[in-house]
Number of protein chains: 2
Amino acid sequence: MKTADRLLDAAQDIIQRQGYNAMSFDDVAKMVGIKKPSIVHHFPTKAALGKAVIQRYREMFGQALAGILAQPDQDLRQALEFYFGPFLELDEKGNSICLCGSLAGEFGALPDAIRTEVGLFFVDHQTWLTLILKRGAEEGIFQLSGQPNQHACLILSALQGALIVSRATAAPHYVQQIADLLKKGLVGT
Amino acid sequence: MKTADRLLDAAQDIIQRQGYNAMSFDDVAKMVGIKKPSIVHHFPTKAALGKAVIQRYREMFGQALAGILAQPDQDLRQALEFYFGPFLELDEKGNSICLCGSLAGEFGALPDAIRTEVGLFFVDHQTWLTLILKRGAEEGIFQLSGQPNQHACLILSALQGALIVSRATAAPHYVQQIADLLKKGLVGT
DNA sequence: GTCTATACAAAGATAGAC
DNA sequence: GTCTATCTTTGTATAGAC
């Protein structure tokens, strides 16, 4: 595996566990097994490393979500289930939250370039969820009590918040409980 | 106003805007108008300052929530409305999120004493919300699709997440939209 | 209770050899 | 592409005067 990718992996892992400000070049270098100044050859600044981490994360999610949408005869309930997947995995793994949830928590301390990427991540997800929910409502699969966009924001916020609260309270299967209740809220009473 | 209280105010403000790791003695001292080493007279370490900030925050919320519960002939819908209040205010103010939401985002980088306080904050809120929802369900005011505790966790997570997403996307009245939909989810279809 | 001065470590970043 | 060495700034904390 290329050094640049291993650096991205290490940086992402630290941010998801400890936050952006707690991620230092030295920590990242030690995880990869090289010395601190060698990082600069791959990423000139910490902000550049951070930005690259989010861009890769956004792209990974973007492809996964586009892949779900592209399926013919898609089951929209199943599509939503796929969406929950990565968040459930993060919670069961423990100690890690969504990369962008972590970054957004330190928003006021972030470089501008990173703030922009984080904002785009959330908008991406809201847009995708809104589309799924709107289709589902039209097909009669979902019975929405509010606007599709509103439900999309609730799902996104609840998952991000659930990961954060779950880690701090160490409650088992916390995100799963939240996801189950969110699903119930989409099928009427 | 006592210096110790002004230090707590300043530290809390920075944590809510930028996070715990971005909060330095020097920043706090400058906001209060004293020099960095003078803080030590009031709080021996950064961890002690941080812990004191959360303890005050927990106590403030604790008293407010107990006050709502203590009201005779309480309207449970109104009680929930009161609960949403501080989160709506934070969102409208902009740039700040819940103190404990911010800290929980950096959980892996926090001193043990602070982790404990953050966990207690969330448990406090879950317990209070569960009680309100359970009573409401018994009285027929709320029609819950899941367990009261489950709804409590959803409300807490959604509000914490909404503040974080709202700040990163700069969407107007974001938390209000989430709160409205959460309320709809408690009254059946 | 606040100050100046200072110790000490860690951080992001640069220069130049290999 | 990685290294050693170094610079500069910042951060937490201490010592001791006022």
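The values are calculated or read from the model by the stated rules, or taken from the named source; none is laboratory data. Fair warning: this is a prediction, and the values are worked out from it, not measured in the lab. Here Cβ is always computed from backbone atoms with ideal geometry, including for glycine, and neighbour counts include all displayed protein chains.
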Can you name the number of the only condition in (1) of a type outside the set (A, V, I, L, M); (2) out of contact with any Asp or Glu (no Cβ under 7 Å at 6 or more places or on another chain); (3) within 8 Å of DNA strand D (Cβ to nearest atom) that B:GLY33 fails? (3)
Under 7 Å between Cβ atoms, which residue pairs at least 6 apart in sequence (or on different chains) link something in segment B:21-47 that is of a type in the set (Ser, Thr, Tyr) with a partner that is more than 7 Å from DNA strand D (Cβ to nearest atom) and assigned to a helix (DSSP H, G or I)? B:SER38/B:ALA29
Residue satisfying condition, being away from chain A (no Cβ under 14 Å) and within 12 Å of DNA strand D (Cβ to nearest atom), within set B:LEU65, B:LEU49: B:LEU49
Considering segment B:18-29 alone, what residues qualify as being more than 10 Å from DNA strand C (Cβ to nearest atom) and closer than 20 Å to A:SER102 by Cα? B:GLN18, B:GLY19, B:TYR20, B:ALA22, B:MET23, B:SER24
For segment A:132-146, which positions are surrounded by fewer than 16 Cβ atoms within 10 Å (Cβ to Cβ) and either within 23 Å of the chain's Cα centre (by Cα) or on the phi < 0 side of the Ramachandran plot (or both)? A:GLU138, A:GLU139, A:GLN143
Give all pairs with beta carbons closer than 9 Å in which a residue from segment A:60-71 that is more than 14 Å from A:LEU120 (Cβ to Cβ) meets a residue that is surrounded by fewer than 15 Cβ atoms within 10 Å (Cβ to Cβ) and at pLDDT below 95; count only pairs at least 6 apart in sequence or on separate chains. A:ILE68/A:GLN74
Which listed residue, of A:GLY101, A:GLY67, is modelled with pLDDT of 95 or more and surrounded by 18 or more Cβ atoms within 10 Å (Cβ to Cβ): A:GLY101
Within segment B:174-189, residues of a type in the set (Gly, Ala, Ser) and within 9 Å of another protein chain (Cβ to nearest Cβ) come out as B:GLY185, B:GLY188
Count - residues of segment A:30-59 that are of a type outside the set (D, E, K, R) and either within 9 Å of DNA strand C (Cβ to nearest atom) or not in a helix (DSSP H, G or I) (or both): 14
Please specify each residue of segment A:116-158 satisfying the condition of being more than 7 Å from every other protein chain (Cβ to nearest Cβ), of a type outside the set (S, T, N, Q) and without any contact (Cβ under 8 Å) to a residue 24 or more places away in the chain. A:LYS134, A:ALA137, A:GLU138, A:GLY140, A:PRO148
Count, please, the residues in segment B:2-17 that happen to be touching a Phe, Trp or Tyr at 6+ places or on another chain (Cβ under 9 Å) and within 15 Å of DNA strand C (Cβ to nearest atom). 4
Residue list for segment A:160-173, filter: more than 7 Å from chain B (Cβ to nearest Cβ) and either on the phi > 0 side of the Ramachandran plot or in a helix (DSSP H, G or I) (or both): A:LEU163, A:SER166, A:ALA170, A:HIS173
